[in-house]
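Notes for the one structure printed next.
The values are calculated or read from the model by the stated rules, or taken from the named source; none is laboratory data. Computed from a predicted structure; not experimentally measured. Backbone-built Cβ (ideal geometry, glycine too); neighbour counts: all protein chains shown. Calculation scope for accessible area: heavy atoms of the full protein, side chains included, ligands and nucleic acids excluded. Shrake-Rupley method; radii C 1.70, N 1.55, O 1.52, S 1.80 Å.
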Amino acid sequence: MRSPGGGCWLTGLAGLLLAKGALAAPFAWVSNQTGESLTIVDLGRLEPVQELPLSGGPAGVAVAPDGTAVFVTTPASHRLHRIAADTRAVTHSREVGPAPLGVCIDPAGQRIYVADWDLDRVDILSASDLSPLGSIATGASPSGMDITPDGRLLLIAERDDNSLAVHALPSGERLARIPVGEAPFGVTAAPDSRHAYTANVRSHDVSRVDLASLRETARVRVGASPYALAIDPVRGRAIVSNQHDDSVELLLLEPFGVLGRHTVGEYPEGVAHDPATDAFLVANWFSNSLMVLDAGSLEVRAEIPTGNGPRAFGRFVGPR
Amino acid sequence: MDMIRSTLTLALAASIPFAAHAHGPSRQKVELAVDVQADPAATWAVISEFCAIEKWHPAVAKCEQQGGNEAGATRTLTLEGSGAIVKNELLKYDAEGMSYKYKITENDVKNFPVTTYAATLSVAPGEGGGSKLTVKAGFYRGYTNNDPPPELNDEAAVKAVTGLYEAGLAEIKKLAEGGQ
């Protein structure tokens, strides 16, 4: 283990708890857009436990913070679904805008935010029954979203305006629209709620935005067509999926910079970090697989088959 | 060609549930492969020059390359008949792994109904000797808003890409097996 001792400790503890059965490893909920299903992956056993059919081309995913429910957008059928994690059944389904894609949930697990690509709008719904609670106007083609862990800011990547919108919660009031690189698609908040990072598809870089000054403070070049980011809070590092380079870029957050590039499957898209198993996860859209990388060494631990065309766009890993 | 046909069937089958809906675009994929009765090196030699496409693709009349066989190099294709121009850029080039990936940077959807197109060509040893040539393409349809006209929908895009590479792979196979 090359990284700070904290990582070893966490891994050791998680491993011990997993071994004693005190803590079940999380599940990854992988949306297969072409295959019209979700592949549920047990990150402890490193194997799929079920492929759940879901029509409408599932794309965006948000797992509730307590792991009890999973929210999935299906752009082709214009819907948002709520799936109960224990029964793996759709408990609620609601037609939203014409092109719902990005989805996220607040840290309290009460409100769902769904970005509609066509309407330039984010809809707010109740996490318990998907009843509508309001909406927020956005810039052009809102795609990825995230909420800072302190629950105070909603971040919206406005792809066709080359901007990151920052909205206050719960009011929804827009605080700033911050110019970033070209075509920001995925956005991820830092664990300390002080920064956000966008993956800019057309300028092939990652922007760092300071959430206090509400300005872009740095930008680093990564591989071709970056899509989404995931942060390892223990090591203070992140990966970004380079869609057209079949790789992930490893970034150091402080000081901000590129550490290196690691080959993954073809057309990597959704990425996540799982603290319980100390792993980065990468959904490979063309290869139809979920790759599990050691978060320290970035070596491939496993490549798990998924359904056809996994997107896994959003925070698709959660406890159970 | 049997190999091409069977893979093609799978690719089309996978795309059909999508074409039935009226909605925004989702990325499509086509994967085609052909077995070649020639060493991997011989098959790779047919395609290894980025501009060799003017020799192995019947629809390409002329190719002009800017830069070497490396990421960032570009080529300008002049199509047979129409004289239309298509421009490509190399994204990755791996001579040792016998593979390269490129994207379309300029194209009229009237000629080739796709957008945001990238494709990888790769050569690997065949299972029973010889070699296997694979192409994997990811792309969106020509019309990127809702309710596309039939000639610019998902099905049309998948059909065009499949047709493009059916013709290309058959010619590469012929050239490699002919020892050229």
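Laid out as a table, the results:
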{"quantity": "One residue from A:221, A:202, A:237 being out of contact with any helix residue (DSSP H, G or I) (no Cβ under 8 Å at 6 or more places or on another chain), open to solvent by 10 Å² or more (accessible area, probe 1.4 Å) and away from chain B (no Cβ under 14 Å)", "calculated": "A:237"}
{"quantity": "Given (1) open to solvent by 10 Å² or more (accessible area, probe 1.4 Å); (2) closer than 19 Å to residue A:143 by Cβ; (3) of a type in the set (Asp, Glu), index of the condition residue A:254 fails", "calculated": "(2)"}
{"quantity": "Within the stretch B:110-139, tally of residues that are more than 11 Å from every other protein chain (Cβ to nearest Cβ), open to solvent by 40 Å² or more (accessible area, probe 1.4 Å) and under 24 Å from residue B:151 (Cα atoms)", "calculated": "2"}
{"quantity": "Test set (1) within 14 Å of another protein chain (Cβ to nearest Cβ); (2) open to solvent by 10 Å² or more (accessible area, probe 1.4 Å); (3) closer than 21 Å to residue A:158 by Cα - residue A:77 fails condition number", "calculated": "(3)"}
{"quantity": "Positions within the stretch A:152-191 being under 17 Å from the mean Cα position of the chain (by Cα) and either surrounded by fewer than 15 Cβ atoms within 10 Å (Cβ to Cβ) or not small (Gly, Ala, Ser) (or both), in sequence order", "calculated": "A:153, A:154, A:155, A:156, A:158, A:159, A:164, A:184, A:185, A:187, A:188, A:191"}
{"quantity": "Single residue of A:46, A:17 found to be of a type outside the set (Phe, Trp, Tyr), closer than 12 Å to residue A:304 by Cα and either over 16 Å from the mean Cα position of the chain (by Cα) or modelled with pLDDT of 95 or more (or both)", "calculated": "A:46"}
{"quantity": "Members of the stretch B:160-180 that are more than 25 Å from residue B:140 (Cα to Cα) and touching a residue at least 12 places away in the same chain (Cβ under 8 Å)", "calculated": "B:171, B:172, B:173, B:175, B:176, B:177, B:179, B:180"}
{"quantity": "The stretch A:262-286: number of residues that are open to solvent by less than 40 Å² (accessible area, probe 1.4 Å) and either of a type in the set (S, T, N, Q) or part of a strand (DSSP E or B) (or both)", "calculated": "14"}
{"quantity": "Pick from the stretch A:252-308, criterion within 14 Å of another protein chain (Cβ to nearest Cβ) and charged (D, E, K, R), ranking: nearest to residue A:31 (Cα to Cα)", "calculated": "A:269"}
{"quantity": "Matching residues in the stretch A:281-293 - criterion: being closer than 15 Å to residue A:227 by Cα and out of contact with any Asp or Glu (no Cβ under 7 Å at 6 or more places or on another chain)", "calculated": "A:282"}
{"quantity": "Boolean, residue A:195 is surrounded by fewer than 24 Cβ atoms within 10 Å (Cβ to Cβ) and within 14 Å of another protein chain (Cβ to nearest Cβ)", "calculated": "no"}
